[in-house]
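Beneath this line is the structure, given in structure tokens, with notes to follow.
The values are calculated or read from the model by the stated rules, or taken from the named source; none is laboratory data. Note that this is a predicted model, so its numbers are computed, not measured. Here Cβ is always computed from backbone atoms with ideal geometry, including for glycine, and neighbour counts include all displayed protein chains. All accessible areas refer to the heavy atoms of the entire protein, side chains included, with ligands and DNA or RNA removed. Shrake-Rupley method; radii C 1.70, N 1.55, O 1.52, S 1.80 Å.
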Amino acid sequence: EYVTLLYVALEKGYFKDEGIDLTLKPYQAGILAIPDVLNGTIDMSLGNEFAPVVKSFDAPSLKILASIDRTSSYELIARRDHGITKPADLKGKKIGIPKNTQSEFFLGTFLATNNLLLQDVTIVNIKPFDLEGAIATGAIDATLIWPPHSYTIKKELGANAVSWPGQSGQDTYFVLIGADTLVKTRPQTIERVLQALVKAEEF
């Protein structure tokens, strides 16, 4: 859902209309694209606001160019057959997340909201694409993750899944990220990309 505007703009030819020859490069999480933005391998990336904020402490040249979506779709999903029917049951359980992503931040707030500490659970660092297999085999008891991973995990677990909203009432924003060099040397490129996304939104 976060990148809908991007795919609509591609499908409708809005980037070409703006003189942009766009090539997509997939990453498992937005934060993993940041190094390539900084070294110039890619011009821009998409991710939630957590990624550029965290990285900006070490890389002040990183810029948020625009916000294109706001969502509250992260979920904490657990296995009922592992004795989890309410958030308090997560105590002592293994929770798989991709560390250093917003999932880790939201896990902390979810636990705090439910009177638990990070020390009350075992956090297992698992890449987003590997989470479905990890929870399906029972290697972990729960995960806190974004769509489409949350959707496929719940589908795989079926009636054995129990889930709660994972953001504790806090929205997250999906943003377009670039480096200061791009802003200073090619501002018209940024403007054209945004024009294409505006057209997609209007469509």
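Considering only region 24-36, state which residues are of a type outside the set (A, V, I, L, M, F, W, C) and either free of Cβ contacts under 8 Å to residues at least 24 places away in the same chain or in contact with a strand residue (DSSP E or B) (Cβ under 7 Å, 6 or more places away or on another chain) (or both).
Residues of region 24-36 that are of a type outside the set (A, V, I, L, M, F, W, C), as a first pass: 25-28, 30, 35-36.
Of everything in region 24-36, those that are of a type outside the set (A, V, I, L, M, F, W, C) and either free of Cβ contacts under 8 Å to residues at least 24 places away in the same chain or in contact with a strand residue (DSSP E or B) (Cβ under 7 Å, 6 or more places away or on another chain) (or both) turn out to be K25, P26, Y27, G30, P35, D36.
Residues to consider are P60, P52, P26; find the one that is at pLDDT below 95, open to solvent by 80 Å² or more (accessible area, probe 1.4 Å) and within 15 Å of the chain's Cα centre (by Cα). Steps first, please.
Values: P60 fails: within 15 Å of the chain's Cα centre (by Cα); P52 fails: open to solvent by 80 Å² or more (accessible area, probe 1.4 Å).
Selected residue: P26, the only one of P60, P52, P26 that is at pLDDT below 95, open to solvent by 80 Å² or more (accessible area, probe 1.4 Å) and within 15 Å of the chain's Cα centre (by Cα).
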Q | Top-ranked residue in region 128-179 [being among the charged types (D, E, K, R) and out of contact with any His (no Cβ under 9 Å at 6 or more places or on another chain); ranked as farthest from L90 (Cα to Cα)] | A | D171
Q. Taking region 71-101 as the region of interest, how many residues are touching an Asp or Glu at 6+ places or on another chain (Cβ under 8 Å) and outside any strand (DSSP E or B)?
A. 10
Q. Can you pull out the residues in region 37-55 that are farther than 19 Å from P187 by Cα and free of Cβ contacts under 8 Å to residues at least 12 places away in the same chain?
A. V53
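Would you pick out the residues in region 1-23 that are out of contact with any strand residue (DSSP E or B) (no Cβ under 8 Å at 6 or more places or on another chain), of a type in the set (S, T, Y) and either open to solvent by less than 40 Å² (accessible area, probe 1.4 Å) or within 23 Å of Q188 (Cβ to Cβ) (or both)? Give the derivation first.
Start the filter on region 1-23 by keeping residues that are out of contact with any strand residue (DSSP E or B) (no Cβ under 8 Å at 6 or more places or on another chain), which leaves 7-23.
Next cut, of a type in the set (S, T, Y) only: 7, 14, 23.
Listed by number, the residues that qualify are Y14, T23.
A quick yes/no check of all residues on (1) more than 12 Å from the chain's Cα centre (by Cα); (2) among the aliphatic types (A, V, I, L, M); (3) open to solvent by less than 40 Å² (accessible area, probe 1.4 Å):
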{"position": "L76", "(1), (2), (3)": "yes, yes, yes"}
{"position": "K93", "(1), (2), (3)": "yes, no, no"}
{"position": "K99", "(1), (2), (3)": "no, no, no"}
{"position": "F106", "(1), (2), (3)": "no, no, yes"}
{"position": "A112", "(1), (2), (3)": "yes, yes, no"}
{"position": "V121", "(1), (2), (3)": "yes, yes, yes"}
{"position": "I126", "(1), (2), (3)": "yes, yes, yes"}
{"position": "H149", "(1), (2), (3)": "no, no, yes"}
{"position": "L176", "(1), (2), (3)": "yes, yes, yes"}
Q | region 107-131 residues that are of a type in the set (F, W, Y), paired with ones that are surrounded by 14 or more Cβ atoms within 10 Å (Cβ to Cβ) (beta carbon under 7 Å, 6 or more apart) | A | F110/L76; F110/L144; F110/G166; F110/S168; F129/Q28
Q | Filter pass, T143 being under 26 Å from V37 (Cβ atoms) and among the polar types (S, T, N, Q) | A | no
Q. When region 178-191 is examined, which residues are found to be open to solvent by less than 30 Å² (accessible area, probe 1.4 Å) and out of contact with any helix residue (DSSP H, G or I) (no Cβ under 6 Å at 6 or more places or on another chain)?
A. G178, L182, T189, I190
Q | Pair list, Cβ under 7 Å, 6 or more apart: region 161-172 residue farther than 21 Å from T137 by Cα and open to solvent by less than 50 Å² (accessible area, probe 1.4 Å), other residue acidic (D, E) and not in a strand (DSSP E or B) | A | T172/E49
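Residue-by-condition table, conditions (1) among the aliphatic types (A, V, I, L, M); (2) touching a strand residue (DSSP E or B) at 6+ places or on another chain (Cβ under 6 Å); (3) farther than 30 Å from L6 by Cα:
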| position | (1), (2), (3) |
| --- | --- |
| I77 | yes, yes, no |
| Q119 | no, no, yes |
| V124 | yes, yes, yes |
| K127 | no, no, no |
| D130 | no, no, no |
| T143 | no, yes, no |
| T152 | no, no, no |
